[in-house]
Amino acid sequence: MYAAIDPGRPVRWGFIGAGGIADKLANDIGLTEGNVVVAVSARDAGRAADFAKRHGIERSYGSYKELVADDGVDVVYIATTHPGHKSQSLMAIEAGKSLLIEKPVCLNAADAREVFRAAVSAGVFAMEAMWMRCNPLVLRAEQLIAEGAIGEVQGVRFEFGLGIPFDPTHRLFELANGGGALLDLGIYPASFAFHFLGLPDEVRTVGTLSPTGSDDIVAMQWIYADVPRADLWCSATVHAPNKSAIRGTKGWLEFQPMAWRPTGLIVHNADGEYLIPDPLDGHGFGYTAQVLEVERCLREGLTESPLVPTADTIAILEILDGARAAVGVVYPGEKGSR
């Protein structure tokens, strides 16, 4: 069991991976007062060293094993592509490190359950980096609903399309790298719907595949007591407005794009229409709320975040497992792969 981190010193972060997402999180960690990145690792030692130099990080390593063995690291951020998350998470947990794991936390629910069981057994903190769930506008929407601003919630919609031209070498289309719209993009609509509606009774899924066999366009409809309440859509190749909304009996809430990191929240009800601006505007890339949630949990000695509970993470992956199966996507090494 890890000891709660004293408020008198910063939370010390170590990174596994030195790509684009790691670059953004390192920037936003630097915008907080209670956190510091002290180490970074990559398979290429030179790349890790360059990353460390750009961000003023003390130590860099050419192997992930060296990073998790660093006694000066409190929490490991796993910023690699998802096929490596399970083994890297288990390695960090075995070393007694707390974890923030990029979404999806694993390729499938079975692997996620194994990772979180290991974290519970070791008594360390573990959380999926579903930063949308920590966003202040999402939390404000939750508060507005509790206050009755839109009456009883009736349903949600959420679309996420990037409009990337097909390229078999691009990560989103490469099966061996966990490619596909669902796990990279569709996980946001799924997490959003799960947060505001809970577990559906039934999921109806249709979709198309790219030439490499990855999922390209996927539409899910979530059914509750025979009523369709969630309309969720994602695509790697199709552009979309990337908005989301929560429908109620007395109004609705609309999240301005991009919905997974909303830039504003519009309230529509009997009182009219008004905009709640983005509290994170001008504060980096929008990851500071997630960083502060990890810091809060570590200082309180928690092993999971109440904003991103592990049970939700696993349940959402179970839904995505079913959606992938419905459109015929199987990753190399999974049961049923060819």
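Values quoted throughout were computed directly from the atomic coordinates according to the rules given, and no laboratory measurement underlies them. This one's a predicted model, so the numbers in the text were calculated from it and none came from an experiment. Methodologically, a virtual Cβ is constructed for each residue, glycine included, from the backbone with ideal geometry; neighbour enumeration extends over all protein chains shown.
Here are the numbers:
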| quantity | calculated |
| --- | --- |
| Sequence of TYR188, TYR274 once ranked by neighbouring C-beta atoms within 10 Å, starting from the fewest | TYR274, TYR188 |
| Extension reserve of the ARG204-GLU33 stretch, reckoned as 0.36 nm per residue once the Cα distance is removed | 57.1 nm |
| Net charge of Cβ neighbours under 13 Å - reference ASP226; Lys, Arg +1; Asp, Glu -1 | 0 |
| Neighbour-count order for ARG117, ARG296, fewest beta carbons within 10 angstrom listed first | ARG117, ARG296 |
| Folded to 0 to 90 degrees: helix 136-146 orientation relative to the chain principal axis, Cα | 40 |
| Around LEU182: net Lys/Arg minus Asp/Glu count, Cβ-Cβ under 12 Å | -2 |
| For VAL37, distant residues with modelled amide H under 5 Å away | TRP13 |
| Nearest 10 degrees, 0 to 90: helix 109-122 Cα axis against the chain principal axis | 50 |
| Cα gyration tensor shape of region 188-310, rounded if a/c is under 1.5, else prolate or oblate by comparing a/b with b/c | rounded |
| Which of SER63, SER305, SER214 has the fewest Cβ neighbours within 10 Å, and the rest in rising order | SER63, SER305, SER214 |
| Point-to-point label distance, TYR274-ASP23, nm (Cα→Cβ direction, 7 Å offset) | 4.0 |
| Candidates ALA22, ALA118, ALA325, ranked by Gaussian network fluctuation over the chain, Cα under 10 Å, top entry | ALA325 |
| Separation between Cα centres of region 289-338 and region 220-284, rounded to whole Å | 22 |
| Which listed pairs, of LYS65/LYS97; LYS53/LYS103; LYS24/LYS53, have C-alpha distances above 20 Å, in listed order | LYS53/LYS103 |
| Förster radius 25 Å - calculated FRET efficiency between ARG296 and GLU66, Cβ distance, rounded to 0.05 | 0.30 |
| Length-normalised contact order for region 90-238 - Cα pairs under 8 Å, 6+ apart - percent | 22 |
| Förster radius 35 Å - calculated FRET efficiency between ASP167 and ARG9 (Cβ-Cβ, nearest 0.05) | 0.20 |
| Förster radius 25 Å - calculated FRET efficiency between GLU147 and SER87 (Cβ-Cβ, nearest 0.05) | 0.05 |
| Net +/- balance of residues flanking GLY14 in space, Cβ distance below 9 Å, scoring K and R +1, D and E -1 | +1 |
